[in-house]
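One structure is given here, and the rest of the page talks about it.
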Amino acid sequence: MKPRAQSLPARLACIAGLSLLGSISVAAAQTPHLAGHVRDASGHPVQGATVFLEGPRGEVTAVSDADGRFQLDYPTASGAMTLRAATRSMESDAVQISAQASANQIDLVLHPSVVNQQITVTATRSSIDLPATANTIYALGARDLSDYPAVAMDDKLRQQAGFELFRRSSSRVQNPTSQGISLRGLGSTAASRTLVLEDNVPMNDPFGGWIHWDEIPTEAVEAVTIATGGGSDLYGSSALGGVIDVIPEHPTSARVDASTLGGGQDTSSIGVRGDIGNAQWRQLLAADSFRTAGYISTAPSVAGPVDMPADVHDQAGRSETDRVFGNGNGDGSGSSDRAFLIGNMLNEARVNGTPLQTNTTRLWRYIGGDNWSAGPKASGRVRLFGSDEGYRQSFSSINAARTTETLTRLQRVRTQEEGASSDASFSLSPLALVIGGDARDIRATDNETPISAGAPSGVADTSARQRFVGGFGEALASRHAWSAALSLRLDSVSNLDTQTITQPSSLPQPVVTPNRSEFIASPRFGIVCQIASNATLHASVFRAFRSPTMNELYRTGQVGQETTQANAQLESERATGWEIGATYASPSGSVALAGTYFWTGINRPVSAVLISSTATSILDKRENLGQILSQGAELHLDVRPHKAISATLGYQYAHAVVTRFSAQPSLVGNWIPEVPRQSFTAQLRAERPHIGDVTLAARASGHAFDDSANTFVLSSFFALDLFARHDFGQRWTTSVILDNLLNQRPDVARTPILTLGSPFFAQAGIAFHWNRTAAH
């Protein structure tokens, strides 16, 4: 009789009890070896492939060396296991092995792969293999992230053409309220039109919709997938432009990582990670600290005495406790369940370019979850999550000569979030089903103090609540060369309990905003045709939405000298889109090409509309424009002409314009702010054992406009960066990052004062890595 599985509360209670005791026993076990080679279809060895050994007692990984060799250690009495290998664009067939295979050399042959397991999770919200879906997906593995010449996560994602933030500059110096994401030319404001996930949990700021890119320590991130195109059918609000899935590292049995990096602009970072555990219990602790004195972002031609470098200090910490529950069936068809608790902390302080413009963030996030499975045909997940955030910001007014600065407003925002989600997947070949639901409850208070003549002149306090409840279903079918997916999500979005107190005021009582709700349906249909063993065609059509954040509804914001007023009457954005594309991979895996044509129209898009402007200031107000439209194409090419050399190229063309706005007809035909027509990225990588790895990264963008009236031009730019690394054995690595080699500073914003991106600067670092597998 199969033992009864523990319930989620029991599992979480068990984990919490162990964490409080503060001890994890590591079982002493013999560790047999399993060795082999990873080759491509032509027989050449493949370096840097990740080899996965999965069995009832968990998963063990290794990386192939320059000769394609790998070696794995695994616990005794593991029973039947599955072995496979994968790279960014290729994967091998799964091989069923047993413990007696340790004496044999096993060859794993890689074949071109368009969709791997990690990508499937984002594309279909499933944790089992399902038929191919008509999604345009890009995967950035651990090597793609670590070997790209950037430190901040958002800068690493700029290797994907079309990925832009609301402002062109990095989160390394930019105010977090300007870090909304734009994909496929849809633009953004402070709020992101792209949803960011971590382990199926939303990472978008619950109050403002922007992203805290430094929230997860670098050592705790395994990979990132970017799914472009509407994703509200599975994930709800904010997934108009796509879904970015930050895939975290989970605890291993024994691992230590430590790194330090320092260089120009008084920039330095330190990161550490330690894992301990056995086949059942595992613990991860990670932390990093980053600081930079930054640079003066105001253009030298207009900078004055009040301008100073924009500096940042942040610290992030993470703890994850896992309990693995073996669920093998003895024949390799089972898998391991996992329950876990995650705690994440971010503490950040910024000076935004002048002495009086500052902001701080303190964010606590917690996640509890359970991954269950019933063999390869059924699996599911449960997530309980929440966050507690405190945010402070100060605003000022600067005279035309930029010689004096006056404090104008103080803001304090407190946000609390609670949520839960659950989904289940069933593979009933040739059909598959995914069902699930989720809920989020967000409560926030915005306390504002206007400042006049250096003294408080009143208060403007708002308290509000948002609630999201949604459920979805997806049906997938596959027969011969065809696959199709039909999904539908229903959402109820409510704005509740909104009260505003303004003093001095003639009204003795708080102003109460009536509750309101929206009921939204988000369908999607996609179809895939395998026209050859290494080529596919796909097409899809979808509806998506984004509900205005409480920041857009109730909070007045300022970046530089541009002030944007809130609008409590904003309605949700509604998107309709379709796409058609193709993929091709050469038989040897040396060439992989993907191209997609997209068309997305958004009704009632929230945008900052110009109210008035002077030589030193701009006043905007958030409004629902009538309609915007973005149509164009995105291309992605991977080339490996030699085992030591690879290249990646990306290109996006987006014709993104306002197509309807009855309140201001003059805006029709204007470009969407911050969206260039063309963007291009390229990376050239060279890898030589015993010498090192070098990545040369190029990025180019056409001109764009910084306002809805298209009067403030942001010029086109070209950037070139370099990353180099050298490994000393298996444990030590040195690296160098050269940022903006050509010292061409891009235009970042005109508010209306022109601000620029970073000049050239260099950094160098050293890292230590140890894990139990590498130690043997």
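The values are calculated or read from the model by the stated rules, or taken from the named source; none is laboratory data. The structure presented is a predicted model; accordingly, all values stated were derived computationally and were not measured. Cβ coordinates were reconstructed from backbone atoms using ideal geometry, including for glycine residues, and neighbour counts include every protein chain displayed. Heads up: the accessible areas ignore ligands, DNA and RNA and are worked out on the full protein's heavy atoms, side chains in. Shrake-Rupley method; radii C 1.70, N 1.55, O 1.52, S 1.80 Å.
So here's what we get for this one:
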| read-out | value |
| --- | --- |
| The range 464-486 - residue that is modelled with pLDDT under 95 and among the polar types (S, T, N, Q) and, of those, nearest to residue 135 (Cα to Cα) | 483 |
| Selected residue (criterion: surrounded by the fewest Cβ atoms within 10 Å (Cβ to Cβ)) from residues of the range 477-498 that are over 26 Å from the mean Cα position of the chain (by Cα) and within 30 Å of residue 533 (Cα to Cα) | 480 |
| Selected residue (criterion: most open to solvent (accessible area, probe 1.4 Å)) from residues of the range 591-613 that are within 24 Å of residue 397 (Cα to Cα) and touching a residue at least 12 places away in the same chain (Cβ under 8 Å) | 611 |
| Cβ-Cβ under 6 Å pairs, at least 6 apart or on other chains, the range 754-772 side surrounded by 18 or more Cβ atoms within 10 Å (Cβ to Cβ), far side of a type in the set (Phe, Trp, Tyr) | 758/295 |
| Which numbered condition residue 750 fails, given (1) touching a strand residue (DSSP E or B) at 6+ places or on another chain (Cβ under 6 Å); (2) of a type in the set (D, E, K, R); (3) crowded, with 18+ Cβ neighbours inside 10 Å | (1) |
| Within the range 190-257, strands (runs of 3 or more DSSP E) holding 1 or more residues that are surrounded by 22 or more Cβ atoms within 10 Å (Cβ to Cβ) and of a type outside the set (A, V, I, L, M, F, W, C) | 221-228, 242-248 |
| Members of the range 269-294 found to be open to solvent by less than 20 Å² (accessible area, probe 1.4 Å) and of a type in the set (Ser, Thr, Tyr), listed by number | 292 |
| The lone exception for residue 436 - which of (1) in contact (Cβ under 8 Å) with a residue 24 or more places away in the chain; (2) open to solvent by 30 Å² or more (accessible area, probe 1.4 Å) it fails | (2) |
| Any chance residue 597 is hydroxyl-bearing (Ser, Thr, Tyr) and within 16 Å of residue 136 (Cα to Cα) | yes |
| The range 662-684, residues that are of a type in the set (D, E, K, R) and crowded, with 21+ Cβ neighbours inside 10 Å | 674 |
| Residue in the range 622-640 that is more than 25 Å from the chain's Cα centre (by Cα), of a type in the set (D, E, K, R) and closer than 26 Å to residue 493 by Cβ present | yes |
| Candidate set from the range 422-448 (those that are polar (S, T, N, Q) and touching a Lys or Arg at 6+ places or on another chain (Cβ under 6 Å)); member that is nearest to residue 549 (Cα to Cα) | 445 |
| Residue in the range 367-379 that is assigned to a strand (DSSP E or B), among the aromatic types (Phe, Trp, Tyr) and at pLDDT 95 or above present | no |
| Residues being small (Gly, Ala, Ser), surrounded by 22 or more Cβ atoms within 10 Å (Cβ to Cβ) and in a strand (DSSP E or B) - total across the range 534-562 | 3 |
| Cross-chain or 6+ apart pairs with Cβ under 6 Å, the range 313-335 first and at pLDDT 50 or above, then hydroxyl-bearing (Ser, Thr, Tyr) and part of a strand (DSSP E or B) | 315/289 |
| Enumeration of residues in the range 432-456 that are more than 28 Å from the chain's Cα centre (by Cα) and either closer than 28 Å to residue 469 by Cβ or outside any strand (DSSP E or B) (or both) | 453, 454 |
| Residue in the range 563-585 that is free of Cβ contacts under 8 Å to residues at least 24 places away in the same chain and either assigned to a strand (DSSP E or B) or crowded, with 18+ Cβ neighbours inside 10 Å (or both) present | no |
| Odd one out for residue 178, checked against (1) under 28 Å from residue 293 (Cβ atoms); (2) open to solvent by 10 Å² or more (accessible area, probe 1.4 Å); (3) small (Gly, Ala, Ser) | (2) |
| Total residues in the range 510-526, condition surrounded by fewer than 14 Cβ atoms within 10 Å (Cβ to Cβ) and of a type in the set (Gly, Ala, Ser) | 2 |
| Test: residue in the range 735-745 that is buried (at least 18 other Cβ atoms within 10 Å of the Cβ), more than 26 Å from residue 352 (Cβ to Cβ), free of Cβ contacts under 8 Å to residues at least 40 places away in the same chain and out of contact with any helix residue (DSSP H, G or I) (no Cβ under 7 Å at 6 or more places or on another chain) | yes |
| Tally, over the range 686-713, of residues that are of a type in the set (Asp, Glu), assigned to a strand (DSSP E or B) and either modelled with pLDDT under 90 or in contact with a Pro (Cβ under 7 Å, 6 or more places away or on another chain) (or both) | 1 |
| Sole residue being within 30 Å of residue 588 (Cα to Cα) and either at pLDDT below 90 or touching a Ser or Thr at 6+ places or on another chain (Cβ under 8 Å) (or both), chosen from 629, 649 | 649 |
| Qualifying residue in the range 396-406 (condition: farther than 30 Å from residue 303 by Cα, touching a Gly at 6+ places or on another chain (Cβ under 8 Å) and modelled with pLDDT of 90 or more) | no |
| Of all residues in the range 73-85 being at pLDDT 80 or above and open to solvent by less than 20 Å² (accessible area, probe 1.4 Å), the one that is nearest to residue 376 (Cα to Cα) | 83 |
| In the range 706-734, the residues that are more than 25 Å from residue 188 (Cα to Cα), of a type in the set (D, E, K, R) and open to solvent by less than 50 Å² (accessible area, probe 1.4 Å) | 721, 725 |
| Test: residue in the range 629-641 that is open to solvent by 10 Å² or more (accessible area, probe 1.4 Å), under 30 Å from residue 527 (Cα atoms), part of a strand (DSSP E or B) and among the charged types (D, E, K, R) | yes |
| Single residue of the range 439-462 satisfying the filter (in contact with a Pro (Cβ under 9 Å, 6 or more places away or on another chain) and of a type in the set (S, T, N, Q)) that is least open to solvent (accessible area, probe 1.4 Å) | 449 |
| Residue list for the range 367-401, restricted to those being basic (Lys, Arg) and open to solvent by less than 10 Å² (accessible area, probe 1.4 Å) | 383 |
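Rundown of residues vs (1) on the phi < 0 side of the Ramachandran plot; (2) surrounded by fewer than 24 Cβ atoms within 10 Å (Cβ to Cβ); (3) among the hydroxyl-bearing types (Ser, Thr, Tyr); (4) at pLDDT 80 or above, yes/no style:
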residue: 111; (1), (2), (3), (4): yes, yes, no, no
residue: 119; (1), (2), (3), (4): yes, yes, no, no
residue: 122; (1), (2), (3), (4): yes, no, yes, no
residue: 127; (1), (2), (3), (4): yes, yes, yes, no
residue: 145; (1), (2), (3), (4): yes, yes, no, yes
residue: 152; (1), (2), (3), (4): yes, yes, no, yes
